[in-house]
Amino acid sequence: MPELPDPILIAIPGFIMLIVAEMIYGRMTGRARFEPRDTAASLVMGLGNTISGVVLGGVAAAWFVFIEQFAVFDIGWALWAFALCFVLDDFVYYWAHRFAHTVRWWWADHVIHHSSQHYNLSTALRQPWLSPLTLKFIFFGSWLVVIGFPPAMVAFVGALNLVYQFWIHTEAVPKMWGPIEAVMNTPSHHRVHHATNPRYLDRNYAGVFIIWDRMFGTFEPEREDEPCRYGIVRNLGTYNPIKICLHEWVGIIKDVRSARSLREVIGYWLGPPGWSPDGSRDSSKILKERWRRQREAEAGGGDEADRPVAAE
Amino acid sequence: MIILVVGASALAIGLLVILNILIGGWTPARLRNEDEAAAALADGVFGFRAAAPVALAADGRGALAREAGGERLGLVVCLGDRAAVRALRPGDVRSIERDGVRLTLRLNDYTLPAAALRFSDAETAQHWAAEAEAYAGAADAAKGGAVHA
């Protein structure tokens, strides 16, 4: 087994330099915006993620060592294996990411990354602290190891995938050359992913290759006539890292405690974010449907919806 | 080694935040008028249409408005250069405090536990304190967590 470096540790100085560069570029051009408390919160979440990876990462590592004995093939360490593993890992990432947006248990972890209303390189580092406890690695991390890729190789290409995704968290880079936009996940595609506009909700789950979204019907291009509004549907009123880390877990616990049946428990826990027994909350599906109906009404001569109207 | 990495990372974070402060380039969010407050509500809560009158805080850092044709109370609280927006339903307000022109709503909301708005006159504060009364009471069990994006 070759000695593999940790791509993320190697990349950290580059992350810092690029954040500094984006801050300066943003100040000069207005094409990137940072707010100190938001920046601090994002970076502290990133540091906490690194620490929790050391503390809790052993759980996932032990799982991969355990399941390695069930591997179907012995693929080994050839260069082609790295390349194939990278592509397959990105495919798995797409589905893991998609489920992270559609199952509240995993959304509670992933929402942290979406909780900033800013979209800059510091947002890329706003990461959860409790990921291993969601056991997502069992459901999505096991496939490649069971096929026969060495766990260290899977971890290595997974880290490369995350390093790639750092640079796409920016407003400073406009749409790129067509063929690149067609194949790769780019800042433009990922801006859409972080946007709360109903048109953009739950779109562009890709990690490195946007082709997965195109294949599975979740692709949405960025439009000049609809600027992205970043954050989450119910934006946070705090910069407190502990609250950022725990807020959706607290929501799940409150909801499950209020459930009146097993169906409601499962719905609040494993249903899509925003699920409620009576459909009174705003899930992505409900918001997109309301938006679609509003567009149809507007096309039929409806009026503008963002002005105050006289009270009855 | 880990302590060194964590210490260096914490130092780097501190330096980046200081750089962000020194460079500037952001301004605290302010709602300049009722239309902007209504637009913030519409942007923050899809489908929310503010009914007139919209109550704008004197410093422009917050606003309240009833929902046109609906039962919700719209709340905008500026936070840094952005705003947190809520469409409050009955049970979402834990308590209401009014002190002259200042109105404080304490909410059953983990990430936005309180919203303090200072109006230009006590009459406005009193009026909206009375409006908010309809949203006070026991926490509605069907409320809760942030939803996706």
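Values as computed for the structure displayed
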| read-out | value |
| --- | --- |
| Neighbour-count ranking [beta-carbon atoms within 10 angstrom, fewest first] of A:Trp63, A:Trp95 | A:Trp95, A:Trp63 |
| Cα Rg, Dmax (largest Cα-Cα span) when computed across chain B, Å | 18.3, 61 |
| Relative contact order of segment B:34-133, pairs being alpha-carbon contacts under 8 Å that are 6 or more residues apart, as % | 21 percent |
| Charge dipole (debye, nearest 20) of chain B; +1 at Cβ of Lys and Arg, -1 at Cβ of Asp and Glu | 300 debye |
| Positive-end residue, chain A charge dipole about Cα centroid, Cβ charges, pick of A:Gly207, A:Val146, A:Ala41 | A:Ala41 |
| Karplus-derived 3J(HN,Hα), 6.51/-1.76/1.60, for each residue of segment A:116-131, Hz, glycine and proline x | 8, 8, 9, 9, 9, 5, 5, 4, 4, 8, 6, 10, x, 9, 10, 3 |
| Two-site label geometry, A:Leu133 and B:Thr27: point separation in nm, points 7 Å out along Cα→Cβ | 4.2 nm |
| Debye, to nearest 20: dipole size of segment A:145-288, +1 on Lys, Arg Cβ, -1 on Asp, Glu Cβ | 440 debye |
| Cβ-derived FRET efficiency at R0 45 Å, A:Leu9 paired with B:Arg106, nearest 0.05 | 0.55 |
| At R0 = 41 Å, FRET efficiency that the Cβ-Cβ distance of A:Glu68 and B:Leu4 yields, to 0.05 | 0.85 |
| Theoretical gain in end-to-end length, B:Leu19 to B:Ala129 [0.36 nm per residue, Cα-Cα removed] | 35.5 nm |
| Percent RCO, i.e. relative contact order, over chain A, from Cα pairs under 8 Å lying at least 6 residues apart | 21 percent |
| Ascending count of other beta-carbon atoms within 10 Å, so fewest first, for A:Phe73, A:Phe66, A:Phe91, B:Phe48 | A:Phe73, A:Phe66, A:Phe91, B:Phe48 |
| Dipole-positive endmost among B:Ala40, B:Pro113, B:Gly100 within segment B:34-133 (Cβ charges, Cα centre) | B:Pro113 |
| Sorted by Cβ density within 10 Å, fewest first, the residues A:Phe82, B:Phe119 | A:Phe82, B:Phe119 |
| In Hz, Karplus ³J(HN,Hα) per residue of segment B:2-14 (6.51, -1.76, 1.60; θ = phi - 60°; x = Gly, Pro) | 4, 4, 5, 4, 5, x, 5, 5, 4, 5, 4, 4, x |
| Percent breakdown of C-alpha pair distances by 10 Å bin, ordered from the shortest bin, for the protein assembly as shown | 4, 19, 29, 27, 14, 5, 2, 0 |
| Calculated FRET value between A:Lys175 and B:Ala58, using beta carbons and R₀ = 56 Å, to 0.05 | 0.85 |
| Charge dipole (debye, nearest 20) of segment A:7-216; +1 at Cβ of Lys and Arg, -1 at Cβ of Asp and Glu | 600 debye |
| Inter-part distance where segment B:1-45 and segment B:104-126 are each reduced to a Cα centre, Å | 23 Å |
| Dmax and Rg, reported as Rg then Dmax, of segment A:107-174 (C-alpha, Å) | 14.3, 41 |
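A short reminder: the numbers here are calculations on the coordinates, not readings from a lab. Predicted, not measured: the structure shown is a model, and the values here were computed from it. Here Cβ is always computed from backbone atoms with ideal geometry, including for glycine, and neighbour counts include all displayed protein chains.
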